[in-house]
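Asks: Here you go, one structure.
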Amino acid sequence: MLSVIIPTDGVERTAVATLAALVPGAAAGIIREVLLVDRTDTDVMERVADVAGCRFMRFLGSRAAALAAGAKQARSPWLMFLHPGAVLDAGWIEETTQFIQMVATSGKDRAGVFRYARPPYADPGLRDGIKFVTRMIAGPSAEQGLLIARDHYERLGGYRPDAPRSEARLLRRLGRSSRTMLRSRIMVA
């Protein structure tokens, strides 16, 4: 039902945190595959993918190019893009299933973005305040993940490897009318 694409930079700790949060989704049968698209020339993420039962791709290029390459290799009709270190809260499985069913029955193209949540033990700072104001004005950031049907993603042109700020550009192309802010929260380490 769902392919999860995570562009990694060879950092095991952040990728493992995200993978651990996805385990219940795999157990529930909502996740068909997880693709770790590593943008480094080390073997760290290949070992993590092997241990976690994920598919592994090495792609030396921009983050947008890695996301596009992962989407091209994904096998499921739905795609979820997550940054390494992103941890979804416990309610994401049920809400994601309901969202996918709602989009399928409505016939309208919609994409879901998870609600941003600051990590509970992080000290709030000026940077957090600026990010909050930016999200209120400009809309969600790529850190918040993206849940989108493959055909909708392709009609929008997907992540363009050659375009600057390709992740933000795709969110803007979605617009407010075809983007749903999901109730499930995402914390980014």
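Asks: Do we have any residue at all in region 83-105 that's charged (D, E, K, R), modelled with pLDDT of 95 or more and within 25 Å of residue 185 (Cβ to Cβ)?
Replies: yes
Asks: Let me ask something additional. Looking at residue 45 and the list (1) more than 18 Å from residue 77 (Cα to Cα); (2) of a type in the set (A, V, I, L, M); (3) outside any helix (DSSP H, G or I), which single condition is not satisfied?
Replies: Just one mismatch for residue 45, condition (3).
Asks: Looking at this structure, is residue 74 closer than 16 Å to residue 153 by Cβ, crowded, with 20+ Cβ neighbours inside 10 Å, under 16 Å from the mean Cα position of the chain (by Cα) and at pLDDT below 95?
Replies: Details: closer than 16 Å to residue 153 by Cβ: yes; crowded, with 20+ Cβ neighbours inside 10 Å: yes; under 16 Å from the mean Cα position of the chain (by Cα): yes; at pLDDT below 95: no.
The answer is no for residue 74.
Asks: With the checklist (1) closer than 19 Å to residue 160 by Cα; (2) surrounded by fewer than 19 Cβ atoms within 10 Å (Cβ to Cβ); (3) not β-branched (Val, Ile, Thr) in hand, flag the one item residue 104 doesn't pass.
Replies: (1)
Asks: Also, quick follow-up: Look at residue 173 and say whether it is modelled with pLDDT under 90, surrounded by 11 or more Cβ atoms within 10 Å (Cβ to Cβ) and either among the hydroxyl-bearing types (Ser, Thr, Tyr) or part of a helix (DSSP H, G or I) (or both).
Replies: yes
Asks: So residue 89 ticks every box in (1) surrounded by fewer than 20 Cβ atoms within 10 Å (Cβ to Cβ); (2) closer than 22 Å to residue 180 by Cβ; (3) over 15 Å from the mean Cα position of the chain (by Cα) but one. Which box is left unticked?
Replies: (3)
The values are calculated or read from the model by the stated rules, or taken from the named source; none is laboratory data. Bear in mind that the values here come from a model prediction, so they are computed numbers and not experimental data. All Cβ positions, even for glycine, are placed from backbone atoms using ideal geometry, and neighbour counts span all protein chains on display.
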